[in-house]
Amino acid sequence: MTQATSPVSQGLPVTPFTWHSTPQISRTLIDFIETVTYRQGIFYRRGQVIAGPPGPETPLDTNAMEGLLTELNTQRQQQPAGVDARALQSFIDILSDVLSAINGGHTAPPPLAPASSEPEASPK
């Protein structure tokens, strides 16, 4: 259950006669709907109690995006019934691309190099 939003209603600039896309995913918890929307290069999360108004949108930071990517990849591998696998993969691809751009071409931050117990050689 998602609400349709348009670029105009969000105060975004619109070019007439062009298609605009706002990829969005959502999940329903017991009495709560969580929605993540990608718009203008930023991912936003919004929560809503089922019988209440939508809460404020919060931009996701890199850690939140990486956590979401892990959750979505896990769900993709599990292939639960009723989930549009192609749409889910599309959202995963967008999220991966954004994280890759943030992390300089890597989808996840590079692992830290192990600390060396040997002293570094002094420069000559």
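Efficiency by 1/(1 + (r/R0)^6): what FRET value for Asp93 and Thr15, r their Cβ-Cβ distance, R0 = 25 Å, to the nearest 0.05?
Result of the calculation: an efficiency of 0.55.
Report ³J(HN,Hα) in whole Hz for each residue of the range 45-50, in order, from the Karplus equation J = 6.51 cos²θ - 1.76 cosθ + 1.60 where θ = phi - 60°; Gly and Pro get x.
Whole-Hz 3J(HN,Hα) from phi for the range 45-50: 10, 9, x, 8, 5, 3.
Convert each backbone phi in the range 18-27 into a coupling constant with the Karplus relation 6.51 cos²θ - 1.76 cosθ + 1.60 (shift: θ = phi - 60°), then list the ³J(HN,Hα) values in order as whole Hz, x for Gly and Pro.
Rounded to whole hertz, the list is 10, 7, 10, 10, 10, x, 8, 10, 8, 9.
From the phi of every residue in the range 55-61, what ³J(HN,Hα) in whole Hz does the Karplus formula 6.51 cos²θ - 1.76 cosθ + 1.60 yield, where θ is phi - 60° and glycine or proline is x?
Each residue's phi maps through the Karplus curve to give x, x, 7, 10, x, 8, 8 Hz.
Under the rule of at least 5 residues apart or a separate chain, name every residue whose amide H is placed under 5 Å from the amide H of Arg39.
Tyr44
Can you work out the FRET efficiency for the pair Thr62 and Ile30, with r the C-beta to C-beta distance and R0 = 25 Å, to the nearest 0.05?
0.30
Can you give me the distance in nm between label points at Thr22 and Glu71, each placed 7 Å from the Cα along the Cα-to-Cβ direction?
It works out to 2.0 nm between the two label points.
Taken together, the values in this text are just the output of simple stated rules run on the coordinates, not laboratory data. This is a predicted model, so every value here is computed, not measured. In this analysis, Cβ positions are derived from the backbone assuming ideal geometry, glycine residues included, and neighbour counts consider all displayed protein chains.
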